[in-house]
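Bear in mind that the values in this text are calculations on the coordinates, not laboratory data. Owing to the predicted nature of the structure, the values given are computational and were not obtained by experimental measurement. Don't worry about glycine lacking a Cβ; one is built from the backbone with ideal geometry, like all the others, and counts go over all protein chains shown.
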Amino acid sequence: MQDYTLEKVGTSTKVWMKVNNRDSLRTNKQEAQAHSKDISTFCGRLLEESEDEFSLLIKKGSVKVGKVGKVLCQDLGRYCKQTSDYEKAGDDNEEYRNTEL
């Protein structure tokens, strides 16, 4: 998750972007690195908190293909109460799937 950072889009919107080359960033590189660390830490903590329950669901066959994010974020982590913009757009949406710097 160290390859992601927040990028400002428009005047007030920020979106998570995959970074292939940190030298090409248009934002403050230290700030970008801090955002990368934040998302990495959050993801690690989410997995750690959910690991036991998640592994039980996998063993029971309760985790369907393509639904790992929903199970981790909504069902177990309860961090995502609503559908994200990404889910609303669909997995095949080019804007989200191929957004890179």
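Note on the range 6-62: Cα-Cα pairs beyond 16 Å make up 58% of the total pair count. With the highest mean first, a sort of the peptides 47-60, 64-77 on other beta-carbon atoms found within 10 angstrom per residue produces 64-77, 47-60.
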